[in-house]
1. For a quick check of your reading of the model, give me the residue pairs whose first member lies in the stretch 98-109 and is touching a residue at least 40 places away in the same chain (Cβ under 8 Å), whose second is surrounded by 24 or more Cβ atoms within 10 Å (Cβ to Cβ) and hydroxyl-bearing (Ser, Thr, Tyr), with beta-carbon atoms closer than 8 Å and at least 6 apart or on different chains.
2. Do we have residue 52 as among the polar types (S, T, N, Q), part of a helix (DSSP H, G or I), out of contact with any Pro (no Cβ under 6 Å at 6 or more places or on another chain) and closer than 30 Å to residue 271 by Cβ here?
3. Could you say whether any residue in the stretch 78-88 is more than 21 Å from residue 349 (Cα to Cα) and among the β-branched types (Val, Ile, Thr)?
4. I need the full set of residues from the stretch 40-55 which are surrounded by fewer than 21 Cβ atoms within 10 Å (Cβ to Cβ), touching a residue at least 24 places away in the same chain (Cβ under 8 Å) and under 28 Å from residue 84 (Cα atoms), in order please.
5. So, of the residues in the stretch 270-321 that are hydrophobic (A, V, I, L, M, F, W, C) and surrounded by fewer than 16 Cβ atoms within 10 Å (Cβ to Cβ), which turns out to be farthest from residue 107 (Cα to Cα)?
6. Which residue is farthest from residue 158 (Cα to Cα), if the candidates are limited to the stretch 175-205 and must be in contact with a helix residue (DSSP H, G or I) (Cβ under 6 Å, 6 or more places away or on another chain) and free of Cβ contacts under 8 Å to residues at least 60 places away in the same chain?
7. Output the residue which, of all residues in the stretch 145-198 that are among the charged types (D, E, K, R) and closer than 30 Å to residue 281 by Cα, is most open to solvent (accessible area, probe 1.4 Å).
8. Could you check the stretch 118-143 and list, in sequence order, the residues that are free of Cβ contacts under 8 Å to residues at least 60 places away in the same chain and open to solvent by less than 10 Å² (accessible area, probe 1.4 Å)?
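The values are calculated or read from the model by the stated rules, or taken from the named source; none is laboratory data. Owing to the predicted nature of the structure, the values given are computational and were not obtained by experimental measurement. When we count neighbours, we look across all protein chains shown, and the Cβ atoms used for this are built from the backbone with ideal geometry, even at glycine. To get the accessible areas, we keep the full protein, side chains included, count just its heavy atoms, and leave off ligands, DNA and RNA. Shrake-Rupley method; radii C 1.70, N 1.55, O 1.52, S 1.80 Å.
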Amino acid sequence: MSRLPDKRRTLAWAGVGLGLVAAFVALPPLEVRTPVAPTVIGLFALTIGIGSWLRGERRVGAYGIAAGVVGLAIGVLATRSSIEHLEGAVVWGALLAAMLRYATPLAFASLGGLFSERSGVVNIGLEGMMLTGAFFAVWGSDVTDSWQLGLAIAIVAGGLMALLHAFFSITLRADQIVGGTAINFIALGLTTYLLIKIYGDDGTPSDLQTIPNVHLGFLDGIPGIGSFLEDVFGRLNLMIWVAMALVVVTWVVVFKTPVGLRIRSVGEHPRAADTVGINVYAIRYGAVTLSGMLAAAGGAYLSLAFVGSFEDNMTAGRGFIALAALIFGNWRPFGAAIACLLFGFSSALAKALQEYSLSVSVLFEALPYVLTLVAVAGVIGRSIPPASVGRPYVKQ
């Protein structure tokens with residue numbers, strides 16, 4: 001199939017952009033008060049999206065349709081709100097900083113899932129590995145009085161949970177979906193039992209050594225945008241910066257190194273890789289174990305940096321959302337990171353909208369889960385997974 005003309009895809013992306021404009025014109029700092037402007041712009045974006053979709057640009061055209069509808073809805077709702085409510089709910093610096101905080105645990109788990117699935121092993125167990133990391137980070141910090149050791153213990157615990165998944169999936173060649181689901185139930189039962197057994201009704205301690213924030217005070221001195229940059233990046237947690245760096249590192253490792261080539265080769269054509277001397281089992285074991293370690297790091301951030309304590313089932317489906325982000329991103333680090341930011345922004349906006357409307361806030365809190373269903377169902381475009389993902393390899 002030949003590639004579609006660039007101008008058709010460019011037009012479809014223009015529809016996406018107009019959908020965003022339809023929402024932003026009624027929000028601070030523009031604050032257009034008439035619904036005519038967002039309605040016209042949103043309908044224009046919708047028309048472009050539908051036209052692109054009908055002309056064959058299905059994936060980006062669908063994005064344009066969605067952006068037009070959502071942008072129109074947000075824009076019209078914003079014009080019906082008072083200026084005071086809008087300025088209280090939509091503070092861009094705080095909103096973007098919150099987006100990064102909510103996206104970080106998803107990014108760790110999504111990058112972990114990338115290594116596993118690029119090697120050919122489906123990792124539905126990301127949720128359980130995150131939950132394991134979240135508990136053992138708190139327990140480790142409590143026992144050792146050190147957040148560094150707590151984080152290390154969490155990563156080891158997540159790696160062991162992933163090793164169990166690898167044993168069933170690679171050595172025993174069990175169904176990988178069923179095995180991952182079992183990991184989730186094991187993690188839920190184990191962490192709930194240990195939480196009650198160790199901490200009882202009192203819960204985890206409130207004086208834990210938590211992962212610190214990084215203060216970049218020099219940002220405030222940048223002329224013009226210094227205050228905005230300070231609000232967004234000035235006091236982010238250390239793990240957020242680690243997650244940003246890991247996106248780049250993962251891209252380099254997977255696509256620019258011999259190790260990454262081996263991981264991709266065993267996920268695409270394991271028999272061909274075996275023929276040239278690559279140990280398929282070893283590569284898959286290593287990739288799945290690394291997957292669990294990264295997911296556990298995301299769980300550790302959630303409990304030891306974002307919340308500061310552990311609660312029963314506190315990951316609340318974030319492992320599945322991370323897997324959806326991986327599918328959205330077409331099994332690529334930057335694509336997955338952008339999807340995580342999208343999910344993170346919807347969560348941040350839901351919290352901000354609580355001042356405006358509780359019902360609207362609940363609607364936006366459900367949006368990441370709706371987007372997860374869309375990603376898994378493949379309604380918006382069809383992502384192409386590694387050719388041998390989910391297929392156990394039998395050496396001959």
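1. Close Cβ pairs (under 8 Å, with a partner that is surrounded by 24 or more Cβ atoms within 10 Å (Cβ to Cβ) and hydroxyl-bearing (Ser, Thr, Tyr)) amount to 104/301; 105/301; 105/315; 108/301.
2. Taking the combined requirement at face value, the residue does not satisfy it.
3. Scanning the stretch 78-88 turns up no residue that is more than 21 Å from residue 349 (Cα to Cα) and among the β-branched types (Val, Ile, Thr).
4. Hit for the stretch 40-55 is 43, nothing else.
5. This residue is 276.
6. Among those residues, the one meeting the criterion is 179.
7. Among those that are among the charged types (D, E, K, R) and closer than 30 Å to residue 281 by Cα, it is 173.
8. 140
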